[in-house]
Amino acid sequence: MNTSPAPMGRRRVCVVGAGYVGLTAAACFAHIGHDVACVESDPWRLDELRQGRIPIHEPGLDALVAQGAADGRLRFYAEVGPALLGAEVAFLCVGTPPQPSGEPNLGPLAVAARQVAAAAPRDVVVVVKSTVPPGSCEALELICAEAAPAGVTVRVASSPEFLRESRAVWDFLHPDRVVVGSDDPGVADLIGGLYPEGCAVVRCDRRGAELVKYAANTFLAVKISFANEVARLCGALGTDATAVLEGVGLDRRIGTAFLRPGPGYGGSCLPKDVAGFRAAGEALGAPTWLADAAERSNHQARRAVVATLRAAVGSLAGKQVAVLGFAFKAGTDDTRDSPGLDIAAQLVEAGASVRIHDPLAAPLSHPGLWAAGVGDAVLGADAVVVTTDAAEYRSIRPDWLAATMHGRTAVDAAGAFDVPAFSAEGITVYGVGRGAPTDFPAVVWSPLRWAHPVSEGVPG
Ligand SMILES: NC(=O)c1ccc[n+]([C@@H]2O[C@H](COP(=O)([O-])OP(=O)(O)OC[C@H]3O[C@@H](n4cnc5c(N)ncnc54)[C@H](O)[C@@H]3O)[C@@H](O)[C@H]2O)c1
């Protein structure tokens, strides 16, 4: 691999799929100055976009889409054919959801690649932005060769996307790096030149680029699971995980990002990509022990939230519990593989009566459990469980909560509550490695025993 600054040039670009990645890429490419034709197969999404409405929550995206549409640099299409006219490059940004085996479903991606190849009026470069197992671009190139009209060459390259939901526009316009995987230097130059001027471009072969994405997300998952393991030790020791992890993360070799205790990772990417990384390792005979452990630890992190509540209030049967946060994190409306929904489902299974709330996400499932406001969710609740640190939850006043809920227990897995302020109102807040586990005994274990002869016992 080597890095080089991205050159700049205005191009006509086709983007297939207008989800979190595709719509952001399309709007940002138009903002940079390219002519963008964005294809979306979902009629409802397409209609919303054509009416100037944004079907997902992503700060700043509405303004960029409106600007692109007004400037005539961003148009939306139902079919690939007209969108490809004049385009040298087509970015595939369709979903690659996980299958029960852990491997992603690449069916929609193959369909999209075939559609582009079949409609290509001239040679085209297909760039896979979706997250895929190493080797996928090579397979897609074979599919494209079969589908392309005679005399048309379709080359497939990889350029995975690293944006974070809730900061997608910022991340796309200010990437830490852009990764371009192609064996053809001319193709790599063409793709690298489409991105914002001056960003670092890592160039490698296609398999390498595909693996960068899996490896990066798996490393982040390992970091989150590690933080939760440290937090579990903190809980057992009665010390504050937030301070401990800050002490660890401020070491520049480690870094504070993703080193926060919480209810475990979720969303459409980390769980799927860890599973994909593991599946790739298994297929290739390369053990992935750390990824395996991160996944197990993550399941445990979600169960631990429910176990903490059970330890605090006893049997959950018949208890009324408010779950605050069912998007997979604050700042997004994405509920895919969300810890909050998982925790709510565990509570329902344990016999609790659950009301769930989220500031941004719409209740796509469990309609009977959904509360329109925080007040509706917590009114008369025996306990409150917080799973994201949304601003709305961070600003809950302890006196208001004490007056609105029935019980006096909160499990704040997201670190949203100021524990002493809630304690002052009589609410016991249990966190992940923080909070008020008041019934811990004094530390009684071997490292302290050296100071006390065995005959005198240990400090009590
Ligand atoms: N969401 C993220 O934060 C993120 C970040 C980096 C990478 N990724 C990866 O990017 C890919 C896309 O993720 P997403 O979250 O944007 O998915 P998404 O489900 O939000 O969007 C995919 C869109 O593609 C459309 N689509 C599917 N087939 C199509 C076709 N043949 N023609 C036109 N449109 C089609 C769907 O209708 C949908 O609107 C996935 O592989 C994902 O792992 C996602």
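Summary table below
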quantity: Hey, residue 304 surrounded by fewer than 24 Cβ atoms within 10 Å (Cβ to Cβ), within 16 Å of the ligand (Cβ to nearest atom) and touching a residue at least 40 places away in the same chain (Cβ under 8 Å) or not; calculated: no
quantity: First in the stretch 50-72 and not assigned by TED's automatic domain parsing to the domain that holds residue 29 and aliphatic (A, V, I, L, M), second anywhere and assigned to a helix (DSSP H, G or I) and open to solvent by 60 Å² or more (accessible area, probe 1.4 Å), Cβ under 9 Å, 6 or more apart; calculated: none
quantity: Residue within the stretch 200-213 that is closer than 30 Å to residue 415 by Cα and buried (at least 24 other Cβ atoms within 10 Å of the Cβ) present; calculated: yes
quantity: Per-region count, the stretch 182-215, residues within 16 Å of the ligand (Cβ to nearest atom), more than 23 Å from the chain's Cα centre (by Cα) and without any contact (Cβ under 8 Å) to a residue 60 or more places away in the chain; calculated: 0
quantity: Which numbered condition residue 223 misses (of (1) more than 20 Å from residue 273 (Cβ to Cβ); (2) outside any loop (DSSP other than H, G, I, E, B); (3) basic (Lys, Arg)); calculated: (1)
quantity: Sole residue being out of contact with any helix residue (DSSP H, G or I) (no Cβ under 7 Å at 6 or more places or on another chain) and more than 14 Å from the ligand (Cβ to nearest atom), chosen from 123, 171, 176; calculated: 123
quantity: Among (1) in the same structural domain as residue 302 (by TED's automatic domain parsing); (2) open to solvent by less than 40 Å² (accessible area, probe 1.4 Å), the one test that residue 191 misses; calculated: (1)
quantity: Residue match in the stretch 261-279 (condition: more than 23 Å from residue 327 (Cα to Cα) and at pLDDT 95 or above); calculated: yes
quantity: Contacts under 8 angstrom Cβ, first residue in the stretch 38-49 being closer than 24 Å to residue 12 by Cβ, partner near the ligand (Cβ under 9 Å from one of its atoms) and open to solvent by 60 Å² or more (accessible area, probe 1.4 Å), 6 or more apart; calculated: 39/79
quantity: Count of residues meeting criterion [near the ligand (Cβ under 10 Å from one of its atoms), of a type outside the set (Val, Ile, Thr), open to solvent by 10 Å² or more (accessible area, probe 1.4 Å) and not in a loop (DSSP other than H, G, I, E, B)] in the stretch 12-45; calculated: 4
quantity: Residues located in the stretch 145-161, provided they are surrounded by fewer than 18 Cβ atoms within 10 Å (Cβ to Cβ), in contact (Cβ under 8 Å) with a residue 24 or more places away in the chain and assigned to a loop (DSSP other than H, G, I, E, B); calculated: 149, 152, 153
quantity: So residue 83, is it within 14 Å of the ligand (Cβ to nearest atom) and more than 25 Å from the chain's Cα centre (by Cα); calculated: yes
quantity: Residue list for the stretch 46-58, filter: assigned to a loop (DSSP other than H, G, I, E, B) and open to solvent by less than 70 Å² (accessible area, probe 1.4 Å); calculated: 52, 54, 55, 56, 57, 58
quantity: In the stretch 59-85, the residues that are within 11 Å of residue 27 (Cβ to Cβ) and in a helix (DSSP H, G or I); calculated: 61, 62, 63, 64, 65, 66, 67, 68, 69
quantity: Residue, surrounded by the fewest Cβ atoms within 10 Å (Cβ to Cβ), within the stretch 286-299, restricted to residues that are in a helix (DSSP H, G or I) and without any contact (Cβ under 8 Å) to a residue 60 or more places away in the chain; calculated: 289
quantity: Hits in the stretch 252-285 (condition: open to solvent by 50 Å² or more (accessible area, probe 1.4 Å) and either out of contact with any helix residue (DSSP H, G or I) (no Cβ under 9 Å at 6 or more places or on another chain) or in a helix (DSSP H, G or I) (or both)); calculated: 252, 253, 277, 278, 282, 283, 284, 285
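To keep it simple, each residue is scored yes or no on (1) part of a loop (DSSP other than H, G, I, E, B); (2) modelled with pLDDT under 95.
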residue	(1), (2)
403	no, no
407	yes, no
411	no, no
420	no, yes
423	no, yes
433	yes, yes
437	yes, yes
444	yes, yes
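Residue-by-condition table, conditions (1) within 14 Å of residue 154 (Cβ to Cβ); (2) surrounded by fewer than 17 Cβ atoms within 10 Å (Cβ to Cβ):
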position	(1), (2)
64	no, no
73	no, no
77	no, no
91	yes, no
97	no, yes
102	no, no
107	no, yes
112	yes, no
124	yes, no
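The values are calculated or read from the model by the stated rules, or taken from the named source; none is laboratory data. Worth saying up front: this structure is predicted, and the values here are computed from it rather than measured. Glycine also receives a Cβ, built like all others from the backbone with ideal geometry; neighbour counts cover every protein chain displayed. The accessibility values were calculated without ligands, DNA or RNA, using every heavy atom of the protein model including side chains. Shrake-Rupley method; radii C 1.70, N 1.55, O 1.52, S 1.80 Å.
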